[in-house]
Amino acid sequence: MASALQKPLVLGHRGACGYRPEHTLASYQLAIDMGADYIEPDLVSTKDGILIARHENEISETTDVATKFPDRKTTKTIDGKSVTGWFTEDFTLKEIKTLRAKERLAFRDHSYDGQFEIPTFKEVIELAQSQGKKLKRTIGLYPETKHPTYFQSIKLSLEEPLAKELKAAGLNKKSSAVFIQSFELTNLKKLKGLTKNKLVYLIDDPELVPADFQASGDKRTYLEMVSKMENLKDIKKTADGIGPYKRYIIPEKDGKKLPPTELVKTAHAVGLLVHPYTFRSEEKYLLKEYNKDPKAEYLDFFALGVDGVFSDFAADAVAARDAYVKEQTQKEKR
Ligand code: G3P
Ligand code: CA
């Protein structure tokens, strides 16, 4: 499926969050500047039903909410787990806009903490479209619905506003440069009835049962969803691709590579694209064989035929992808 002429996509994971606080316009802008094909906003809802870009609905790790709203701390059950903190669904957009983003990870750059607002999905779409016009290239959008079953249970379902925003921006066609992703197949099925966009089913840790399956009593794990042909075919009825954790493709043991699996081949055999996550350039995330060189990891996955990669470091992903495509093109000419 992914040949030299169909170059693998670089998907700017949470923007370019290796360099800027995740899910800020500055992070998305940098991913665009670095050449990412798509930018990836994770989406949750505010109290007034507006989609905003955050990785979780609990936002104390990535914003200054704890200092601005100390008395709004609470405990909830989200997808079967007890979570204590500050939740987007308890704040209006006006309140959310008073917050400022901060870097989640201690070992990344904190010099931008306190500078950037939390963007709405609409603002992310506007950025992609205005930058696309300016740069004369398409900037794709790869929105992810976070905790859709939970949001449905509190009457703030994500699917309708997502479909509505895409339609308003003229981005609701199959051919639009948009992939909608979710860890929940039920959510994708609902979206399929609301919009024509391409859909991607995310594959989490092998032993986990997806939150929507838990709610409906379906006992299948993510591993079963991708290791059994009948389940891959079932996914294909709804989705255009899968977004697996990258260890489903190149497993590891004690920080060393194990032989690759057949997942890319079997997914392609049923007509599913494969976009693994997440590629990170820091040494701590790289297997020993890559000798601290992130490019070596990308090349390994490209050689296995993946159709795109979610990367925190868009510049490294683009450089590796371009080198791969150049080499393959030269090989095909020989
Ligand atoms: O969307 C692909 C990947 O982002 C899924 O993982 O947890 O970073 O949203 P997460
Ligand atoms: Ca995501």
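The values are calculated or read from the model by the stated rules, or taken from the named source; none is laboratory data. Note that this is a predicted model, so its numbers are computed, not measured. Reconstructed Cβ throughout: ideal geometry from the backbone, glycine too, with neighbour counts over all protein chains shown. Areas reflect the complete protein model, heavy atoms only, side chains present, ligands, DNA and RNA absent. Shrake-Rupley method; radii C 1.70, N 1.55, O 1.52, S 1.80 Å.
Odds and ends about this structure:
- Nearest-10 value in Å² for the accessible area of Ser157, using the 1.4 Å probe: 30 Å²
- Taken one residue at a time, the phi angles of the range 275-290 give Karplus couplings (6.51, -1.76, 1.60, θ = phi - 60°) of 10, x, 10, 10, 9, 9, 7, 5, 3, 4, 9, 9, 5, 4, 4, 7 Hz. Gly and Pro are set to x.
- Highest-MSF residue in the chain out of Phe310, Phe91, Phe279 [GNM, Cα springs under 10 Å]: Phe91
- Glu283, Glu184, reordered so the largest accessible area comes first (probe 1.4 Å): Glu283, Glu184
- Taking every alpha-carbon pair under 8 Å whose residues sit at least 6 apart, the chain reaches a relative contact order of 19 percent.
- Straight-line cross-link partners of Lys73 among the lysines, defined as a Cα under 22 Å from its Cα and at least 8 positions apart when in the same chain: Lys47, Lys81, Lys94, Lys97, Lys102, Lys146, Lys155.
- Set of the range 266-282 residues, backbone N closer than 17 Å to the point 7 Å along the Cα-Cβ line of Lys236: 266-275
- At R0 = 35 Å, FRET efficiency that the Cβ-Cβ distance of Lys73 and Leu223 yields, to 0.05: 0.45
- Fluctuation leader among Leu166, Leu199, Leu43 - the chain, Gaussian network, Cα springs under 10 angstrom: Leu166
- Across Lys228/Lys333; Lys133/Lys333; Lys174/Lys265, pairs whose alpha-carbon gap is larger than 31 Å: Lys228/Lys333; Lys133/Lys333
- Nearest 10 degrees, 0 to 90: helix 294-303 Cα axis against the chain principal axis: 70 degrees
- By average C-beta atoms within 10 angstrom, highest first, the peptides 311-319, 324-332, 246-254: 311-319, 246-254, 324-332
- Against the criterion of solvent-accessible heavy-atom surface with a 1.4 angstrom probe, Glu103, Glu123 sort, most first, into Glu123, Glu103.
- Taking all C-alpha pairs of the range 41-152, those more than 17 Å from each other amount to 58 percent.
- Amide proton proximity set for Gly140, modelled H, under 5 Å, gap of 5+: Tyr38, Ile39
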